[in-house]
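Structure record follows, encoded as structure tokens.
The values are calculated or read from the model by the stated rules, or taken from the named source; none is laboratory data. What you see is a predicted model, and the numbers here were worked out from it, not measured in a lab. Because the Cβ atoms are built from the backbone with ideal geometry, glycine has one as well, and the counts that use them run over all protein chains shown. We work out accessible area using only protein heavy atoms, side chains counted, and drop any ligands, DNA or RNA first. Shrake-Rupley method; radii C 1.70, N 1.55, O 1.52, S 1.80 Å.
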Amino acid sequence: MTCPVLALERISVAYGARPVLQDVSLSLQPGRLRGLLGPNGSGKSTTVRVAAGLLPPDAGRVLLNGEPLTRFSRREIARRIAVVPQSAYLPEAFTGWDVVLAGRAPHQSWFGGLNGHDRAIARRALAAVHAEPLAERRLATLSGGERQRLLLARALAQEPEVLLLDEPTAHLDLGHQIAFLDCVRELACGGLAVLGVFHELNLAAEYCDDLVLLDEGRIVAEGTPGAVLTAARIAAVYEVTAPVLAHPESGRPGVLAPAAGGARHGVGGNGA
């Protein structure tokens, strides 16, 4: 196995007296898409913030190509790690082209503007996510799925080695979820190291090379989708009795919703 591009080593984070992550270690490899799963409050978004260098851990360290992330400036990190959030404030008057060009900011000097090289990279980013038709359109005219594709293109314009996705499909319908994740899958196959936070277990199972399952701030399972998504583990972590069947085409695990009024043992927390 190649050296990880990004590695979290024994990370712990607390918000006040409340522990959010406890001794979490995971790594990202070039060309692979890892899915980060867990109920609300399990620490998924906090893990992304730590991995992006946006939140210093209380214990442990983050390594970027073997070097502590703390040795890099914010501009250097932004050139190598890109984040696609659930949503972002984008002025309605902006065009898709404006959004994607913003991804070139970490590569610009304090006194220099955009040049032909920046524009060429932005065009390639739009093409990579099949969003060229959105370049001249105002954001006010775009759907949520189209905006998310532009945020993905903006991240690619940073020319990162690592792509972090914090529930980017959370507010999209199924068709837009699939279109977005098809793009992400292509990017991972092209060599990016990708970590994505998922609530949709079945989409994670279909698109990810492997999965990491968090519960109460700890990793309770990691491995292939088939190894992680078992009925027993779903019952233990999500407190739901749900059948797990093999997909008839891919053979990957599919989690069925319990029958109405079926067994539900409790409700998870919020946040993190």
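General remarks:
- Between the alpha-carbon centres of region 78-101 and region 169-228 there is a gap of 21 Å.
- Per residue convex hull volume, Cα atoms of region 1-98, in Å³: 148
- Excluding ligands, DNA and RNA, the accessible surface per residue across the chain is 46 Å² with a 1.4 Å probe.
- Given charges at beta-carbon only (K, R positive; D, E negative), |dipole| of region 1-86 in Debye: 240
- The local environment of D23, defined by Cβ-Cβ distances under 14 Å, has a net charge of -2 under the rule Lys, Arg +1 and Asp, Glu -1.
- With all projection directions averaged, the alpha carbon convex hull of region 72-132 covers 5.2 nm².
- Accessible-area composition of region 116-187, carbon plus sulfur, in percent [1.4 Å probe]: 52
- Positive-end extreme of charge dipole, the chain - chosen from L211, A51, G251 (charges on Cβ): A51
- Magnitude of the charge dipole for region 43-185, about its Cα centre and with charges confined to Cβ atoms of Lys, Arg (+1) and Asp, Glu (-1), is about 300 debye.
- Mean projected area of the convex hull spanned by the Cα atoms of region 23-80, taken over all viewing directions: 4.6 nm².
- Accessible area of region 51-91 belonging to carbon and sulfur atoms, whole % at 1.4 Å probe: 53
- Region 1-45 and region 106-151 have Cα centres separated by 29 Å.
- Per-q log10 I(q)/I(0), region 157-248, q = 0.16, 0.25 Å⁻¹ (Debye; single scatterer per alpha-carbon; no solvent): -0.73, -1.44
- In this Cβ point-charge picture (+1 for Lys and Arg, -1 for Asp and Glu), the chain has a dipole of about 560 debye about its Cα centre.
- Average projection, convex hull of the Cα set of the chain: 15.9 square nanometres.
- Helix 174-189 and the longest principal axis of the Cα set of the chain meet at an angle near 70°.
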